[in-house]
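Here is the structure we will look at, set down as structure tokens.
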Amino acid sequence: MRVRGLSMSSAFGDETKLSLGRQSNSKTLASLSLISAFCSIGVGLLVLFGWSRDVEILKRLSSDFVAMNPATAICCTLGGLGIVFNRFHRTVFATTMGALVALIALAKLAGLIFVELPVDQVLFADRLYSATDSQPNRMAPNTAFALFLLGASLILAASRRRRDQIISQIFSAAVMLISIFAIVGYTFDIDRLHSVGAFIPMALHTALTLLIMALGTLAARPHSGVMPILRDDGPAGSMARIVLPLAILIPVAVGAMRLWGQQAGFYGTEEGVALQVVSNVAVTSALLIWSIRLLYRSDNARKQREQALRESERFNRIINEASPDCVSLLDSSGNVLFANDAAVQAYGLRSAEELVGRPWGHRLGGSAVVPTTGALREARNGRVGRVTNRLGTPGHDQRWFESLVSKVAGEDQPYRFIVMSRDITQQRRVEEQVRWAATHDSLTQLPNRRLFQTQLYYL
């Protein structure tokens, strides 16, 4: 049986470093969620202020782009608040914010399918018609669908059930895809990617804000779903944090450079496609080689740790078998997990299987229950428990053992107890002989005057 907690300190060091790395990554994700939330709230409030003061740059960023609808701006503000509440585990408020966003988006979608509901015309109705736009400002269908998914994601993220949190992350990923499609459409001037049919297209800053809110929703709960992979300090987490953003940004950048080169007249369409394919292959190969190298280094480090652990356990086993002291390992309830040969021989047993799985001290009799329980209580409170027990029956060969009980804490497992017991029979016999000699005559073996006076005093 492997005795964890008795292995070499380097294993604990590696676990400590990984634990600290996970904590640091969790703090980074928490900061990212708050930054995303405040950006979303800021964008929503700025757009509403732009509509109230008729500031075009706040409504549409540029005269070439569509303005963000006021209802969309309200959803961005509510979504940002929902991320903040999710981050601080304010379940009721987070669910409320998500429900409001989902209801506004659902009303818009219902209006497109059934009877028109003017949910996106409630605020600033007189300013939704502009001479610069070909049609009045409305919430785009793809925007409404993305906001509905985002609202549902906020509601599910507030749940404690793992299945709901995974579905929440799937919805957030879908929102990210919708927003990336719109951003790519604006980047490459492809209308079909940021608009649906003849409806008004999704605004550029709407797409950017949706992407930010989706990221914030994912980062608000770093301990659920697939997020532990991103915050992991091992090779999987390192690869995910680097490869995933590059896998999104690099193809977009390569495509943009290809279109720029074509528009500048450096090459034609066929040459541009060839350059884009070659660039994507080169970048993908570089990322793949980097990932393989990282996995190779991680695999070597894992093999070295396993070898060191095996050597440490072999060393510990040799020490335990050669030690004259009795060594036992207990679980948090005081049941025996491991006992060395000295402990087995002290009880007069054939193997450790007769001790494993049973309470420590169960073979000592009922009189040992109170002192052993007290020693475990002392160790559980962070002190060293000390108890002296007697093995054997009256009239037969009796042996005395002094036991020290200490608490052993692990990183990813419940705490345990280690018991070190030493045979003090000879010491007890010497003490008894000294006490007997002090109260008896060495020649006649009869009680002396000191014992007589002591007994007389107590009478």
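List pairs: first in segment 95-111 and among the aliphatic types (A, V, I, L, M), second surrounded by fewer than 17 Cβ atoms within 10 Å (Cβ to Cβ) and not in a helix (DSSP H, G or I), Cβ under 8 Å, 6+ apart or cross-chain?
Ala107/Leu117; Ala110/Leu117
Here are some conditions: (1) modelled with pLDDT of 95 or more; (2) within 14 Å of Thr209 (Cβ to Cβ). Thr143 meets all but one. Which one does it not meet?
(1)
For segment 115-174: of the residues being among the hydroxyl-bearing types (Ser, Thr, Tyr) and either touching a residue at least 24 places away in the same chain (Cβ under 8 Å) or closer than 20 Å to Pro228 by Cα (or both), which is most open to solvent (accessible area, probe 1.4 Å)? Walk me through it before giving the result.
Just the residues of segment 115-174 that are among the hydroxyl-bearing types (Ser, Thr, Tyr), to begin with: 129-130, 132, 134, 143, 153, 159, 168, 172.
After this cut, where a residue has to be either touching a residue at least 24 places away in the same chain (Cβ under 8 Å) or closer than 20 Å to Pro228 by Cα (or both) as well, the list is 130, 132, 143, 153, 159, 168, 172.
Values: Ser130: 39, Thr132: 105, Thr143: 4, Ser153: 0, Ser159: 26, Ser168: 4, Ser172: 1 Å².
So the residue we want is Thr132.
Quick check: anything in segment 292-315 of a type in the set (D, E, K, R), under 19 Å from Phe188 (Cα atoms) and either open to solvent by less than 40 Å² (accessible area, probe 1.4 Å) or modelled with pLDDT of 80 or more (or both)?
To start, the set of residues in segment 292-315 that are of a type in the set (D, E, K, R) comprises 293, 297, 299, 302-303, 305-306, 310-311, 313-314.
Restricting the remaining residues to those that are under 19 Å from Phe188 (Cα atoms) gives none.
So far as segment 292-315 goes, no, none of its residues is of a type in the set (D, E, K, R), under 19 Å from Phe188 (Cα atoms) and either open to solvent by less than 40 Å² (accessible area, probe 1.4 Å) or modelled with pLDDT of 80 or more (or both).
What are the residues in segment 252-276 that are part of a helix (DSSP H, G or I) and open to solvent by 80 Å² or more (accessible area, probe 1.4 Å), if any?
Taking segment 252-276 first, the residues part of a helix (DSSP H, G or I) are 252-264, 269-276.
Listed by number, the residues that qualify are Met257, Trp260, Gln263, Thr269, Glu270, Glu271, Leu275.
The values are calculated or read from the model by the stated rules, or taken from the named source; none is laboratory data. Not measured: the values here are computed from a predicted model. Ideal geometry is used to build each Cβ from the backbone, glycine not excepted, and the neighbour counts take in all protein chains shown. Remember, those area values only see protein heavy atoms, side chains included, never the ligands or the DNA or RNA. Shrake-Rupley method; radii C 1.70, N 1.55, O 1.52, S 1.80 Å.
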